[in-house]
Amino acid sequence: MRAYKETVVVGDLQTAVTRHSGYSSAGDYGTALTQDDGKAASGKKGYSLSRDWSRSESGDWGVSVAGNEGVAVSGDFGMSRTGMDGTSTVKDFGFAVAGPRGSAVSGYKGISKADTGGVAVSGEQGFSDVGEGGYVASGVGGRTSIEYMEDGLLHTKTGVIGENGLKPNTYYTLNENSEFVPACPSLKES
C-alpha cells in the first residue's frame, strides 16, 4: 500500500482504504475509509469515514463521518457526523450532528444537532437542537431547542413550531432575555 494518493475501489461486502489525498469507494454493505484531504463513499447500508477537510458519503441506513471542515452526507435513516465548521446532511428520519460553528441538516422527522455557534435545520415534524449562540429552524410540527448560559448554569430553551408564534422554516436564535427571535444566520467567513 502506498502512503500517498492511493485509490482502492471494491465491490459488495468489501472494504476500501486510502491514505493522504486519496479516494475510497465500497459497494453495498461495504466500508470506505480515507485519511487527510480524501473522499470516502459507500453503498447502501455502508459506512464511510474521512478525515479533516474531506467529504464522506454513505447510502440509505449508512453512517457518514467527516473531520473538521468536512462534509458528511447520508441517505434516509442515515447518520452523519462532522467536526468543527463541518456540514452534516441526512435525508428523512436521519440524524445529523455537527461540531462548533457547523451546520446540521435533516429531512422529514429527522434530528439535527449542532454545537456552539452552529446551525441546526430539520424538516417537517423534525427536531433541531443547537448550542449556545446558534440558530435553529424546523418544519411544520417540528421542535427546536437552543442552549444558553444564565448565572453560570447551562439552560435549554425549547419550542414547538406552530406554538407561541414560532413559524415553520424560519431561523431562530435567542435574544438577551432568552426568548426566541427570528434571525438570519451569518455566512461563514471564507
Binning at 10 Å from 0, report for the range 92-184 what percent of all alpha-carbon pair distances ends up in each bin. 22, 54, 23, 2
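At a 10 Å Cβ-Cβ cut-off, how would you order Lys91, Lys113, Lys167, Lys157, fewest neighbours first? Before the final figure, lay out each step's value.
Working: Lys91 20, Lys113 23, Lys167 12, Lys157 15.
By the 10 Å Cβ count, ascending, the order reads Lys167, Lys157, Lys91, Lys113.
Determine the dipole magnitude for the range 92-184: charges of +1 sit on the beta-carbon of Lys and Arg, -1 on that of Asp and Glu, nothing else is charged, the reference point is the Cα centre, and the result goes in debye to the nearest 20.
Values: 6 positive and 11 negative charges, 68 e Å.
So the magnitude is around 320 debye.
Arranged by the count of other C-beta atoms within 10 angstrom, fewest first, what order do Thr170, Thr158 take?
Details: Thr170 15, Thr158 12.
Final ranking by Cβ density, sparse to dense: Thr158, Thr170.
We did not get these values from a lab; they are worked out from the coordinates using the rules stated. Being a predicted model, the structure only gives us computed values, none of them experimental. Ideal geometry is used to build each Cβ from the backbone, glycine not excepted, and the neighbour counts take in all protein chains shown.
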